[in-house]
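Presented below is the structure to which this report refers.
The values are calculated or read from the model by the stated rules, or taken from the named source; none is laboratory data. Just so you know, these numbers come straight off a predicted model, no measurement behind them. Please note: Cβ atoms are built from the backbone with ideal geometry, for glycine as well, and neighbour counts cover all protein chains shown.
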Amino acid sequence: MFQKYIPTFSATEEEEVYKRLDPANGKACNNNILWGNSLNQVYSGNYHGFSFKRSNLISSRFDDAHFDHCNFTGSTLNDVHFSESCSFTSVNFLRSFISNCSFSSKEQLHVLNFSSCTLSNVIFNNIVLRGSYFNSAKILNCYFDNSKIMSTSFDNCTIMNSSFRNCNMRNLNLEFSTFINNDLDGAQFSFYQLPYIIGIFKHPEKLEKIKIGCGKNKTISFLDYTQRLNDSIIYFTSKKQFLPLANLYYLNEQIDIAKNSIFVGIDEALLRNDYTTIKFLIKLALNLELLTYTEINQIMKEIDRYLNNLKDDINISYYLLQSYEIQNDIQNMFNKSILSFKIDTTFNNEQFGEASELCQDIDNILSSINRDVNYSFNLSHNSPISIVLSVVGAVADLMGISSLIYNFIEKRLNKKRKVNNNVKETINRYNQLFLSSIDENIDNLKTILSKTKKDKQGEIIDDFRLKLLTSIGEAVDINLALVMPENN
C-alpha cells in the first residue's frame with residue numbers, strides 16, 4: 001500500500017470545529033453525518049433540500065421519513081428499507097449502488113432519479129412511481145410487482161432476471177432498453193414502446209400473458225398484437241423507425257427483412273451522423289443474432305470511412321466515442337475478447353494518406369485470414385497521427401493475430417524505427433496465460449465430472465465451455481502499445 005503522509009488532528013480539535021460548523025444542520029453536508037454508521041438503526045424526520053452525497057448506509061430502516069429535493073448521488077445503500085410511512089419527492093440517486101433494499105410508500109414516489117445506478121435485489125412492489133428516471137441503469141433481480149409506473153424513463157437501461165408481474169407500464173419510455181429473462185406476466189406495455197425494447201421478442205413464448213395498451217383505457221392480448229403486426233409494421237415504416245421495424249419483422253419470422261431493416265437503418269443514420277442510433281441497431285442485431293462477423297466488419301468499415309471524412313467536424317470526439325461503444329457492445333454480446341493495438345506514428349497531418357495506406361495493408365492481412373474476428377481502425381487527427389486497431393474475437397484467434405500484426409509492423413518499419421521491446425514479451429506472456437488457463441480449467445472439470453452422475457455430465461460440460469471462454473477472455477483483455485519513435 002501507499003505510505004504517504006497527511007496531517008491528522010486530535011479529537012478535541014475535531015470537536016471544536018464541529019461545534020463551530022454545526023454540520024448536522026447543514027443541508028450541504030455530503031457524508032452522511034446525520035445518520036452515523038451504526039447498524040440496525042431506525043431513522044425518521046423531515047429532510048428538505050439536504051445533500052446526502054456519497055452516503056454509505058447499511059442495515060438501516062426509515063419510518064415516517066420524508067425526503068424532498070434531496071441528493072444521494074454516488075451513495076451505497078445495502079439492506080436499507082423505507083417503510084410505507086415514508087415519502088419521496090425529487091430525490092436524486094444518480095450513480096448509486098443500491099442492493100437488498102425496499103421502497104414502500106402510501107404516497108406516490110415522485111421524480112426519483114436512478115440513472116446510471118446499479119440496483120440489485122431491490123423491491124418496488126405495490127407502489128406508484130411517477131416522473132422518474134432509470135436511464136442507463138442496471139436493474140438485476142428487482143421487483144416491481146403490482147405497481148403503476150407513469151411518465152418514467154428506462155432509456156438504454158438493462159433489466160435482467162427481474163419481475164414486473166401485473167405492473168402497469170403503459171405510460172413510460174422503454175426505448176433502447178434491454179430485457180433479459182424477466183417475469184412479465186400480466187404486465188401492460190405501450191403499443192408504441194414495446195418494439196423499441198431490445199430482447200423483448202427473443203422468447204415470445206414468455207409474453208403470452210402480457211397486455212398491450214391500444215387506445216385510451218383499452219388493452220389487447222399478445223396474441224391479438226401478433227395478429228395485427230402488419231399495422232405496426234406499416235406505422236413504423238412510415239416513421240422510418242428501423243429498430244422497432246427490425247424487431248417486428250423478427251417476431252413475424254421474416255428474418256431476412258429484419259436484417260435488411262438493420263442495414264437500411266444504419267445507412268439512414270450515417271447520412272445524419274447519428275452514431276447513437278447505429279449503436280442501438282447493432283446492439284439489437286447482436287441480441288437477435290441477425291448479423292455475421294463478416295457483416296459486422298462491413299458495417300464497421302463503413303463507419304470508419306464516414307468518420308475519416310469528418311476529421312475537421314467539431315463533434316468528431318463524440319462520434320469516435322460512440323464508435324468505441326459499438327466495439328464494446330460487439331465484444332460483450334458475443335462473449336469475445338478485445339485486442340487493441342495503439343500505433344504512435346511519426347506521420348504528420350500532411351501524411352494522412354500514408355497512415356491510411358498502413359491501415360489498408362493491415363486490413364488486407366486481416367481480411368485474408370480465415371478467422372471469425374471483427375476489427376476497426378480509428379485515426380487521431382493530431383500531429384503526429386496515432387492509429388488504434390481494435391480486434392474482437394475468440395482468445396485463441398487474438399493470440400495468433402497479435403503475433404501476426406507484430407511481425408508485420410516490425411517488417412514494415414525501416415531500421416531507424418524500432419518497435420517497443422516489451423511488445424513481444426507481452427504477447428508471449430499472454431500466450432502462456434492462455435495455455436495455463438486452459439490447463440487449470442480442464443483439471444477443475446475432471447474433478448467435477450468424477451463426482452457427477454453420467455446423466456448430468458452433459459450439462460456440466462456445456463457450462464464448463466461457457467465459463468472457459470468467459471474466464472480466459474477476461475484474463476486476456478490486453479492493450480498492446482506499438483511505439484514508433486521519430487527518426488534520429
Scan of the stretch 244-302 for residues that are more than 19 Å from the chain's Cα centre (by Cα) and of a type in the set (Phe, Trp, Tyr), ordered by number:
Tyr249, Tyr250, Phe263, Tyr293
Matching residues in the stretch 248-302 (of a type in the set (S, T, N, Q) and without any contact (Cβ under 8 Å) to a residue 40 or more places away in the chain) number 8
For the stretch 259-274, check the following and say yes or no: at least one residue is part of a helix (DSSP H, G or I) and not assigned by TED's automatic domain parsing to the domain that holds Asn328.
no
Do we have any residue at all in the stretch 289-298 that's surrounded by 15 or more Cβ atoms within 10 Å (Cβ to Cβ) and not in a helix (DSSP H, G or I)?
yes
Would you mention how many residues in the stretch 107-132 are in a loop (DSSP other than H, G, I, E, B) and among the hydroxyl-bearing types (Ser, Thr, Tyr)?
3
Does Ser59 fit the bill of being farther than 19 Å from Tyr143 by Cα and of a type in the set (Ser, Thr, Tyr)?
yes
So the strands (runs of 3 or more DSSP E) completely within the stretch 133-219 holding 2 or more residues that are over 19 Å from the mean Cα position of the chain (by Cα) are 148-153, 168-173, 188-190, 211-213
Please verify whether the stretch 16-24 includes one or more residues that are at pLDDT 85 or above and either surrounded by 14 or more Cβ atoms within 10 Å (Cβ to Cβ) or of a type in the set (D, E, K, R) (or both).
yes
Tell me yes or no: at least one residue of the stretch 55-73 is under 21 Å from Phe154 (Cα atoms) and surrounded by 22 or more Cβ atoms within 10 Å (Cβ to Cβ).
yes
Taking first residues from the stretch 63-83 that are part of a strand (DSSP E or B) and second residues anywhere that are crowded, with 20+ Cβ neighbours inside 10 Å and aliphatic (A, V, I, L, M), the pairs with Cβ under 6 Å that are 6 or more apart or on different chains are Phe67/Val91; Cys70/Val91; Leu77/Leu57; Leu77/Ile98; Val80/Leu57
Regarding Ile282, is this residue in a helix (DSSP H, G or I), surrounded by fewer than 18 Cβ atoms within 10 Å (Cβ to Cβ) and not assigned by TED's automatic domain parsing to the domain that holds Ile200?
no
Please verify whether the stretch 221-231 includes one or more residues that are outside any helix (DSSP H, G or I), free of Cβ contacts under 8 Å to residues at least 12 places away in the same chain and of a type outside the set (Ser, Thr, Tyr).
yes
Can we say Gln254 is more than 30 Å from Val391 (Cβ to Cβ) and out of contact with any helix residue (DSSP H, G or I) (no Cβ under 6 Å at 6 or more places or on another chain)?
yes
Which residues, counting only those in the stretch 123-140, are touching a Cys at 6+ places or on another chain (Cβ under 6 Å) and surrounded by fewer than 17 Cβ atoms within 10 Å (Cβ to Cβ)?
none
Out of the residues in the stretch 40-53 meeting the condition of being under 14 Å from Val91 (Cα atoms) and out of contact with any Phe, Trp or Tyr (no Cβ under 6 Å at 6 or more places or on another chain), tell me which one is surrounded by the most Cβ atoms within 10 Å (Cβ to Cβ).
Phe50
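For (1) of a type in the set (Phe, Trp, Tyr); (2) at pLDDT 95 or above; (3) under 30 Å from Asn315 (Cβ atoms); (4) in contact with a strand residue (DSSP E or B) (Cβ under 6 Å, 6 or more places away or on another chain), each residue gets a yes or a no:
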position	(1), (2), (3), (4)
Lys206	no, no, no, no
Cys214	no, no, no, yes
Asn247	no, yes, yes, no
Lys279	no, no, yes, no
Would you confirm, using the coordinates I've provided, whether Tyr196 is over 20 Å from Ala285 (Cα atoms), touching an Asp or Glu at 6+ places or on another chain (Cβ under 9 Å) and assigned by TED's automatic domain parsing to the domain that holds Leu109?
no
